[in-house]
1. What FRET efficiency do you get for B:Ala24 and B:Ser78 if R0 is 60 Å and r is their Cβ-Cβ distance, rounded to the nearest 0.05?
2. Can you give me the pair-distance distribution of chain B, C-alpha pairs, 10 Å bins, whole percents?
3. Loop-only check: which GluC sites (Glu not before Pro) in segment B:1-101 are DSSP coil with at most 14 other Cβ within 10 angstrom?
4. Calculate the FRET efficiency for C:Glu125 and B:Trp38 from the Cβ-Cβ distance with a Förster distance of 22 Å, rounded to the nearest 0.05.
5. Ignore the peptide's own chain and count Cβ atoms of other chains within 10 Å of each Cβ in C:234-247; give me the average, rounded.
6. Treating only the Cβ of Lys, Arg, Asp and Glu as charged (+1, +1, -1, -1), what charge dipole size does chain A show about its Cα centre? Round to the nearest 20 debye.
7. What cysteines in chain C have no other cysteine with a beta carbon less than 4.7 Å from their beta carbon?
8. Using packing as a proxy for protection, rank C:206-213, A:82-89 so that the peptide with the highest average count of other Cβ atoms within 10 Å comes first.
Amino acid sequence: MSNPVYRPNRRALLRGTAAAGAAALIGSLPARRLMAQDAPAKPAEIIVRAWGGSWVEALKKGVSDPFTAATGIQVRHDLTEDNEIQPKVWASVAQGRVPPIHINWDTTTNATKSALRGVTEDLSDLANLANTTDLAKPVGLDGYPIVNTYGYVYVLAYRPGAFPDGAPTSWKVLLDPKFKGRIALYNDGIGFHFPAQVAGGGNLEDIPGNMQPAWDFITQVKQQQPLLGEDPDFTAWFQNGEIDIACTISTNAREAKKNGVDLAWTVPEEGAKFDTDGLWIPKGLPENELYWAKEYINFAISQDAQQVWCDGLGLPGVVPGLTPPEDLVGDPSYPDTPEEMAHLIRISTKVQVENESEWFSKFKEIMQG
Amino acid sequence: MPNPSPEFRYPLHWRLMDAVERIADLVWPRRLSRHTGWLFIAPALLLVGLLVLGLIQIADASLRTLDTSTFLMSEDWSTENYRKALSSSTYLTVAWRSLSAAVLTTVLTLILAFPYAWALVRVKKAWIRKALLITLFLPFFIGQVVRAYGWLIILGNSGMVNEALSLVGVTPMRLLFNYGAVVFGLVQYMLPFAVLLLVPALTAIPEETETAAGSLGASWPRILWHVLLPMAKPGLIGAGLVVFTLTLTDFAVPAMLGGGGQDFIANAIYDQFFRTADQGLGSALALILVAAGSVLVGLVFMIFGAGTLAMGGRK
Amino acid sequence: MMSFSQKITVWSLVWFSIITLSLPTLVVLGASLTAGNMVAFPPQGLSLQWYEKIALARDLQQAFLRSLIVAGICTLVAVPVGTLAGLALSRFRLRFTTAIQVYLLLPFTVPLIGSGIGLMLVFGEWHVLGSLWPVGMACAVINLPFIIWSVSSSAVLLDPDLELAAQNCGAGRVQTFLHVTLPAVMPGVITGGLLMFILAMNEFLVSLLLTDARIVTLPVLIYNSIRSIITPDLAAVSVVFIAIALAAIWLLDKLVGLEIFLKSK
């Protein structure tokens, strides 16, 4: 049994730093392989599922455009949400059809469901995996059905005007009567369950066995009449003065701030959920398209691609030696020191995948009551 | 080119029509005439059959449970998903909310749609009629997300309505993200459908009927109650059923204007299919909703009889 | 003639409807003119930059064309099928009418997610996903009750004696159908057809499951492109969409006259 609570330790990060030199030597773009005579026929285009807005802009700039420049293969982005592409991909594999996408940019949790279901191609032979940190390896799965590409934090985003005394220090601020009706959480509570466990006085080690403290805390939050929504809702609500606090992914908060919304974020003392996104390839592609899809992912975890892509996202990548974007130096949502990392909550994907639907329905039960 | 035959010939389209009639007689002989109704309805039955094929797939999935260690559906059938769906108090709350909102939305929509449709039919000035018609079609072109943003600007805490209220000294209040906001959003969304389905029914009522009743001394509420509404009954029931069923199965409006705490059944189905990947439970919920909706619709048809929607055929 | 109280009641309800129907549209129109990067109202400075952006966006234009094709297919399928069904239900005595009615209302009683998943599985099994016609067919199925009902409710305008009279005068069945029956229900057919076209143009949930990136339609493209902020180009797209629709309505008015919706011949 592996410990379900995984806080990335100093050793892992140090090992990452040591590998940085090697990465530089091997070079980011595997030009030799891309030019090889024996490479399978190039498809005219490959389709990569991505999130829209600044997410796809970052991918395009960091990975897709350079990939096209190096190989001549066009990259088309399918902006269907990760949740909504899932049944389409599963059905195509089950029905023996060619899947609608070549590469799925996905949350590690959703990707793991697909991996468990057996619809993912194995990626363990990607050359650039040698230069990645532990973060790239999916936890609890054999080999690399997914390659994680960066980590992200579900921060506590807030409107500075509502906090004249500085950033809130605890998730318990959600219970302050002053913020009644002015709180936003994700529809399924994603990102909030674990800090709620701590804020409710529970232990992370008890997840998933005993999450009563989390449910108690969430029940108290429900009394505060929180709004539930998705990222565009949060931005619109902050922009129009509907809410003061939200639990959201830092990238979206940063995007809103860049566009003029008065916003800041913090990681409270209880910690905040840290998770990863990754790339994977669905089964059922023609041999040559599979080859080039793998090359795309291989390139996506090269130093050059990671630097630009992750800069755009404002998130820490999986190759060592990346420089953080200027606005995020020392920012807790960009954990690049062991201390910052230790402060975050990371629960194994396996535990999440197996219990998520139960957590979601429990959260819904509280919120719909 | 002079016509080689000097004798009289029927115009081309007459001859063409005769040929068509002969073909019709061959393909569908007159002795089958009493079955012509079935011939007419068969294509629609087949087209909706596509949906039934899909429902069969969904019914199959509804009998399989999800194994979260492999994310595959079980090989063998069980009624576990139905048990789970029917025994959950959350789903009961959500189902009751969908149903009550559907009834409320239907009533409110018809109250607004009836005068609108009446104005469309009775107003004398052509440009007013056209403007009313165009106003009806405009909202279709604004996607739900963008439309929801529009509502935030209008009804938000610092939106137009609250700004206006504060001018007269009313403190800003939350108008969005509650049950009322969802019903309001649904009424706005359904109004064009209801009007368009009411218009033909009102067109069928001769204006003279109203005038005659008026000249006999009936007040307008009495004309409305005793003449207009009974004569428009088929249209009202038709429009009402459309609004009711569409509201009962809607998911976008509760998701956008409900602030996450006002889910309908369709939102729960969405969650199962897309958020937790439990197609079995999602399918079971979907089928329960279809069954409930169909039973209610069937009841309406039975209560209001074959006369509904001019149904029942000629004598 | 209308009494004063009737006038007040009717027109206050109608005005409430007009405002409710058009206010969000007007807000979106205003928001699309913003000079900023986010949808905002009142707009932060006036600019046509977002219109310029969508004018240059080829993917939007292609998606728009695809939506036109989907809507065209949907209308072509739904109009004959729905018209015949509407007539069958209103002009013929059928057995099991209640059951048929309930069956034909399935497109509305099945939630769109269920329809989408079901049709995706069916079309997937037939290996026809990846073209636009299944999307058009799907839009025809899920909106079919609209045209069936608009036709059958305008069929009340038709006096059955007219059909008999035509046949007494020697008109064949096809002739009677084309010259007597069909013209009488034409307002219903046109209203229903237009509604089918517009709804197919704007359908996103079922289309989301039946399209892929190569054949994405406009509403799906718009829905998907919203991630963390609602960019003003989406508002601009809506406005252009409305402008095109208004132009089409104007053309329709010039060609056949909008009156056809409201008046039988």
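Rule-based calculations on the coordinates, nothing more; no lab input. None of the values given here were measured: they were computed from a predicted structure. Please note: Cβ atoms are built from the backbone with ideal geometry, for glycine as well, and neighbour counts cover all protein chains shown.
1. Computed FRET efficiency for B:Ala24 and B:Ser78 comes out at 0.70.
2. Spelled out per bin, shortest first, that is 5, 17, 23, 22, 17, 9, 4, 2, 1, 0.
3. When the GluC sites (Glu not before Pro) of segment B:1-101 are filtered for loop state and at most 14 Cβ neighbours within 10 Å, B:Glu7, B:Glu75 remain.
4. Step by step, r from the Cβ atoms, then E = 0.20.
5. Counting other chains' Cβ atoms within 10 Å and averaging over C:234-247 gives 3.
6. Approximately 280 debye in magnitude.
7. C:Cys169, each lacking another Cys Cβ under 4.7 Å.
8. C:206-213, A:82-89
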